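Everything on this sheet refers to the single structure shown next.
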Amino acid sequence: MDNFITRRESIKKLLRLSTGLALSSCAAVNFQTPRPAVADDAESAFIVDAKGQTSGYDIKTLTRSAFEAAGGMHRFIAKGDVVAIKPNISWARAPELAATTHPEVLKAVIELCQEAGAKTINIVDHTIHGARRCFAVTGAGSVAKETGANLIFPRSSLMRDMRLQGQRLDIWPVFTPVVEADKLINLPVAKVHGLSELTLGMKNWIGAVGGRRYALHQDIHQTIVDLAQFFKPTITLIDATRVMVKNGPSGGSLSDVTVMNRLILSNDPVAADARAAGLFGYSPNDIGFIRLARKWQIGLYDTDISQQHEVLI
Amino acid sequence: MKPKHLIWLRRTSQAVFLCLFLFLLIESRLPQDIVIDYTSAMGNGGDIRIEHPVTFFFQLDPLIWLTSLISDRIWIQGFGWAVAVLVATLLLGRVFCGFICPFGTLHHMVGYLKSSLKGKRLFQANRATPSQKIKYALLTSILVSSLLGLNIAGWMDPISFVFRSIALAVIPGLGNGLTDFFGMLARSDIKFFNLMSYSEVLVWPVFGFEFKSYQTGWAIGILFLVVLFLNRIRPRFWCRTLCPLGALLGVFSTFSRLRLRKDAAKCTQCKKCVMACQGAAEPMAGHAWRPAECLSCFNCFDTCPEGAIEFTFQRTGEKIKRPDMGRRAVLGGLAAGVSLPILGNLDGHVHKVSRPALIRPPGAVPEDAFLGRCQRCGLCMKACPTNAINPAWTEAGLAGFWTPTLTMTHGYCEHTCTLCGSVCPTDAIQALSLREKIQTPVRIGSAHFDRGRCLPWSGNGPCIVCEEHCPTSPKAIYLFEDWVEGPGGERRKVKLPQVDLTQCTGCGICENKCPVRGKPAIRVISAGETRSRRNQIML
């Protein structure tokens, strides 16, 4: 009976073991720094405005032709890339209510990435409503299942404090899968918002952070710009196939929705937002965060870009 | 059947039912892997339901069925199982206690695996004691109280007790600890620990990713531990002394056809049967057997080395002891049963005042009927995906202790969710379809602003978070632009939020998301709830 380990001894042993492990793994310390931005300059900037004109057009075809006009997905995604796609699936609303990115758009983009050779595709969004319900109701869950993309469940262990180095936001918890990727694709939906007037591409990054994010509204335009200078997407594709024109950003009724059949694709986040603002009858200068974003040189207005493409199907 | 086989049959049955109970308990939540075909999902995605029969154990419980039946005089669908259990008890005795009850199995396990008593002390502990009358007193008070319209069965009913304890204390307690632990690993600067944090996926199917919180969860947990600890004083202390369902089944089992036959000639007074007895039912020859106390574990049958004990369907002619209820115990129970509903009503929230903090789940029946039906089992609280439904502490008064109430600082009522009503075993919360909930609309309360705390109203800057989150269309929170005076006396133009009471359903997402922490600047009270005719604001 003497060779039994007592509780105390076993705890001691465990402690010794784990300390050893901890010390030995110190050798493998790897300080992760957020991946440098995929910035673009004025010459390489482009904007594609895709319009579905024929009745019964296919959202998938529209998405594909938009990327073809931009030179194909392989221009942005290399073989073996880990791609993070940030749709707006924050509200548990069915696709036709226009509160979230259309699943067909999401699916088409994932398929294009896969064709371009992406190794892993993560769908990332820190949702407002319960994540599980959002995944189901917005159709993102079904898209992930069909395409094999990973739907990352937002959780506290994936939020980590990072230095945003913005004007208003310095250290803020970030949803790490958004930055732990080779390429980042922003896939917002265009809709109205009570305070920032519009929810477009740059505002979509509020769904990429954690913490007290509802306090951001106290200086909404500056904080959106702070986030936009931190999260630098390879491309932004704004879903305006149907847009919410009132009761935004949550909506809830078909009477809040207008069908527009538009997709706006750009590698300049400001240009994409500026063009999408036009869909609602705004000039980019009317929208605080677009104006500020140009001032802080995050991008250009759509009218300043030389490579303009239009796709009609 | 040989005694050994019977014992193993019992153990298997206990294991199967305990596992089934735990499985159904864990599955009492928003399904983990719901995929809706988005091309067919219209409007708000339709009704998401739990596919498993999570109310099964409640429907097996005759005490739940009886108390709801006599307190609210309604016949609730699905309680055929409870009737079957009563019939089985009439034929075979308390087989529910010995073979099925998951709480009984837990006690059995604790007493068996970690027994503190041996020899003479165990023999003494397993003799019948007068304290076993207590359960009849509790049963009397529960039944009398139900007759007067207050259903307090849930405080002591074993199925409700064990469900509440595990769902609101054990699982969230362990889950929060694990979530914390994995968060710690993930935040570590050491790569190895970072990678380890991904093993979170191994535990989330049971515990989920979120931090859960239930008010009074600590009390529920402590009570659970205390009741388990009592097994060290006497094996299956709860079942023998406290369980009101055991008392009810005990009364029925007096008429059981299955009887214990003792062969006094064979008995050597070795006391092994008493040592193994789970219910203190006096199986030894020379004492009158107590069928009402017998938990049908068949241990005595199995242990007797002389074969002096057997169970038979024939008339034995032996003297048995009727349930020893005791006049005092019954009178005490009667007094408690009469006074509890009366005292519970004294705070007036059934007849006179409606408590603003008592926000019942959507679909809840009016308060008097609610108190007659609610089993305080915690199923709605476990199922609520946002953690809004909590056991009431003081919100519902004495009579409503541990009944469900929504705490908007913990969660909020998801506009497109109808889960709580779909799982309520006694229809205290009625099942709603999503269409009914949104189009009626079913209101649970109404929101109001605290302008002194609200950022735009108090001149502290812009914020429209409540308006942004308001789920109704048109929104119940609307904005208008006006000038307010800022801290330095300067005039600022801000959007000021107001509540449109004709639209507000009281879902509480505004209160939950309000950036003004501590005490949110917009709060929900129960006024305007659909279920009450009195507790209204608008004409």
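Quick notes
- Within-9-Å neighbourhood charge of A:Gly80 [Cβ basis; K, R +1; D, E -1]: 0
- Residues A:Asp239, A:Asp219, sorted so that the one with the fewest Cβ neighbours within 10 Å comes first: A:Asp219, A:Asp239
- Gap separating the Cα centres of region B:53-99 and region A:100-135, nearest whole Å: 47 Å
- Within 10 Å of each Cβ in B:469-476, the average number of Cβ atoms from other chains: 6
- Euclidean distance between Cα centres, region A:149-163 to region B:155-217, Å: 17 Å
- Among the listed pairs A:Lys119/B:Lys212; A:Lys13/B:Lys114; B:Lys352/B:Lys437, those beyond 32 Å (Cα-Cα): A:Lys119/B:Lys212
- Extension gain from B:Met109 to B:Leu22, taking 0.36 nm per residue of separation minus the Cα-Cα distance: 29.8 nm
- Space enclosed by the convex hull of the alpha-carbon atoms of chain A, per residue, Å³: 168 Å³
- A crude spin-label estimate for the pair B:Lys120 and B:Glu318, with each label 7 Å from Cα along the Cβ direction, gives 2.7 nm.
- With a Förster radius of 30 Å applied to the C-beta separation of B:Ala431 and B:Leu331, the computed FRET efficiency comes to 0.15.
- Pairs exceeding a 18 Å alpha-carbon distance, out of A:Lys86/A:Lys203; A:Lys51/A:Lys232; B:Lys495/B:Lys519; A:Lys203/A:Lys232; A:Lys295/B:Lys493; A:Lys246/B:Lys475: A:Lys51/A:Lys232; B:Lys495/B:Lys519; A:Lys295/B:Lys493.
- Neighbours of B:Val353, meaning other residues whose beta-carbon lies under 12 angstrom from its beta-carbon, give a summed charge of +1 when Lys and Arg score +1 and Asp and Glu score -1.
- Rg/Rh for region B:443-539 stands at 1.01; both radii use Cα atoms, and Rh follows the Kirkwood definition.
- Maximal additional length on extending the B:Thr129-B:Thr440 stretch stands at 106.3 nm, based on 0.36 nm per residue less the C-alpha distance.
- Helix content alone sets the calculated 222 nm mean residue ellipticity of the protein assembly as shown: runs of n ≥ 4 DSSP H residues at -39500 (n - 2.57) each, divided across all residues, give -10500 deg cm²/dmol.
- Separation of the A:Ala78 and A:Ser253 label points, Cα + 7 Å toward Cβ, nm: 5.1 nm
- Neighbour-count ranking [beta-carbon atoms within 10 angstrom, fewest first] of A:Trp296, B:Trp483, A:Trp205: B:Trp483, A:Trp296, A:Trp205
- Take each residue of peptide A:152-162, count the partner chain Cβ atoms within 10 Å of its Cβ, and average: the result is 5.
- Look at the stretch B:457-464: the mean tally of other chain Cβ atoms within 10 Å of its residues' Cβ atoms is 3.
- Under 5 Å from the amide H of A:Asp161 lie the amide H atoms of A:Val174, each residue being 5 or more positions distant or on a separate chain, with H modelled from the backbone and absent for Pro and chain starts.
- Nearest-0.05 FRET efficiency for B:Val201 and B:Arg49, computed from C-beta distance (R0 25 Å): 0.50
- Size of the protein assembly as shown: Rg and Dmax of its alpha carbons, in Å, are 32.0, 109.
- Out-of-range pairs (alpha-carbon distance over 25 Å; input B:Lys135/B:Lys319; B:Lys266/B:Lys321; B:Lys118/B:Lys321; B:Lys266/B:Lys319): B:Lys118/B:Lys321
- Set of lysines near B:Lys120 by C-alpha distance (under 19 Å), chain-local residues within fewer than 8 positions excluded: B:Lys271, B:Lys272
- Farthest positive-ward along the protein assembly as shown dipole, Cα basis, beta-carbon charges - from B:Leu63, B:Ile464, A:Leu300: B:Leu63
- Set of region A:129-170 residues, backbone N closer than 12 Å to the point 7 Å along the Cα-Cβ line of A:Asp58: none
- Over all orientations, chain B has a Cα convex hull whose mean projected area works out to 31.5 square nanometres.
- Shown in residue order for region B:345-350 are the 3J(HN,Hα) couplings computed by the Karplus curve 6.51 cos²θ - 1.76 cosθ + 1.60 at θ = phi - 60°: 7, 5, 6, x, 7, 8 Hz (x for Gly and Pro).
- As a proxy for reagent exposure, ranking A:Met159, A:Met244 by other Cβ atoms within 10 Å from fewest up yields A:Met159, A:Met244.
- Candidates A:Gly248, A:Gly117, A:Gly281, ranked by Gaussian network fluctuation over chain A, Cα under 10 Å, top entry: A:Gly281
Only the coordinates and a few stated rules stand behind these numbers; no lab work does. Note that the coordinates shown come from a computational prediction; the quantities given were computed from them, not determined experimentally. Heads up, the Cβs are rebuilt from the backbone with ideal geometry, glycines too, and the neighbour counts pull from every protein chain shown.
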